[in-house]
1. Using the Cα centre of the chain as the reference point, and only Cβ charges (+1 on K/R, -1 on D/E), how large is the resulting charge dipole? Debye, rounded to the nearest 20.
2. So how compact is segment 327-429: Cα radius of gyration and Dmax in angstrom?
3. By DSSP, what percent of the beta bridges with both residues in the chain are antiparallel, rounded to the nearest 5?
4. Quick one: which residues, 5+ away or cross-chain, put their amide H under 5 Å from the amide H of Glu159? H built at 1.01 Å from N.
5. Roughly how compact is segment 1-147, stated as its Cα Rg over 2.2 N^0.38 Å to two decimals?
6. If I require 24 Å or longer along the helix axis, counting alpha carbons, and a Kyte-Doolittle average no lower than -1.0, what helices from the chain are left? Use full DSSP H segments.
7. For the chain, modelled as a Gaussian network with Cα springs under 10 Å, which listed residue fluctuates most, Lys330, Lys84, Lys273?
8. Let me know the whole percent of all Cα-Cα pairs from segment 228-300 that are separated by more than 20 Å.
Amino acid sequence: MNEYDSQLVRSILKKENYEFVTDELAADIVMLNTCAIREHAHRKVYGRVHQIRHARGKDPVMIGILGCMATNLRHDLLEDRSLKIDFIAGPDSYKRLPQLIQEASEDGQKSYDVTLSEFETYSDIAPSRTKGVNAWIVVMRGCNNFCTFCVVPYTRGRERSRSPENVVDEVRHLAAEGFKQVTLLGQNVNSYRYDDYDFAYLMDEVSKVKGIERIRFTSPHPKDFPDRFLDLMAVNPKICKHIHLPLQAGNNRILDMMNRTYTNEEYLTLVDKIRTKIPGIALTTDVIVGFPTETDGEFEDTIQVIRKVQFDSAFTFKYSQRQGTIASKKYPDAVPEAIKTERIMHLNEIQKEITLKKNQAHIGQLLQILLEPTPPDRPSINSVGRTDGNKLVILPASPPGGPKYGYKMGDMVKVRITAATPHALKGLP
């Protein structure tokens, strides 16, 4: 989401004749587009600001904070004299950036706008992207779920969606520019709704665009998976057979405290339905450990769900209290940090074993991958790509004097999987 928003910011400022430089030491203005989901993200931003100030020394530079952290911690950022923040813009205020920068530069006063909009979708702004294989497309903004641990409804506002025609038009432009894959984004992307059009309709329309080989989406909510949508995924070859299905916790009391609106049993029933309709689908998830008052037994319920579902991979987090959330007001963060660490290490070890087993099952299979840009710092790699299930596949460099593969970024290539680790597959064309 922030990558896409940064592309919007570049487009907005380019129209006002701002020039973007690659060296921040040469910049007159440095902007940090921020996240407010985790405490770690906050610490990184504070650290980067001090790093920039130190590197510049007496050389003047304006610093702006954008995004969710700007909304959630506006007063803290502006009042911290050591940071010397010049301007702040929330996720719905990027169109005002030229004015905010001008105000801050002319009178030396701190300028800000963190107003949340009920209507802003930036559907009239074409993001300034660099060439690549995948393009992010935000199809809906905001969230109405109010999970008690999450700050998004307070930093990005209520749900609102772009029209299907507007989204499809952007996809057509992307196909014309050579992009082969699009990933539809939203805080709760499968709750997309524009008039009578739902997310299944949007996905179907996007899949009709010539030149687009694959369509992905993230992040969905388990409450929004009607049969119509799953049936479309099952039969449409362009829609990747991968669902990121956030679990967050496996205990019903904790799920209720989180306001996740489903039970352990309902989540597992949904998983069974998905796998029945789409055999072989890759499932990934998010899990939070150490939510307030979570007991060892309740954490064990989460472990049992992990073992039952056998996720292909999982993003795991220690609970981090966020200012302004329901949980921060109702539930003291009472689970000791040492216990959170112990639980997440235990969970990660179990998931690592599951992921390795799932990946090893692909050895010997012939899988189609979409080639991505090769990391410039990895000379041992010839090419990298991803499977339909979003698993990374590494092709080794050609031996000295041996034949070159002859493939390029954006090619769809069939690869025989020869080895697997918990992090990637290895293969040969």
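The values are calculated or read from the model by the stated rules, or taken from the named source; none is laboratory data. Values in this document were obtained by computation on a predicted structure and should not be read as measured data. All Cβ positions, glycine included, derive from the backbone under ideal geometry; neighbour counts span all protein chains shown. Quick note on the areas: whole protein, heavy atoms, side chains included, nothing else; ligands and nucleic acids left out. Shrake-Rupley method; radii C 1.70, N 1.55, O 1.52, S 1.80 Å.
1. Dipole of the chain, to the nearest 20 debye: 1260 debye.
2. Gyration radius and largest Cα-Cα distance of segment 327-429: 19.1, 66 Å.
3. 40 percent
4. Cys143, Asn144
5. Values: Rg = 15.2 Å, N = 147, 2.2 N^0.38 = 14.7 Å.
Cα Rg divided by the expected 2.2 N^0.38 Å: 1.04.
6. Correct list, ordered by number: 337-360.
7. Comparing Lys330, Lys84, Lys273 in a Gaussian network model of the chain, the most mobile one is Lys330.
8. Details: 1014 of 2628 pairs.
Roughly 39 percent, once rounded to a whole number.
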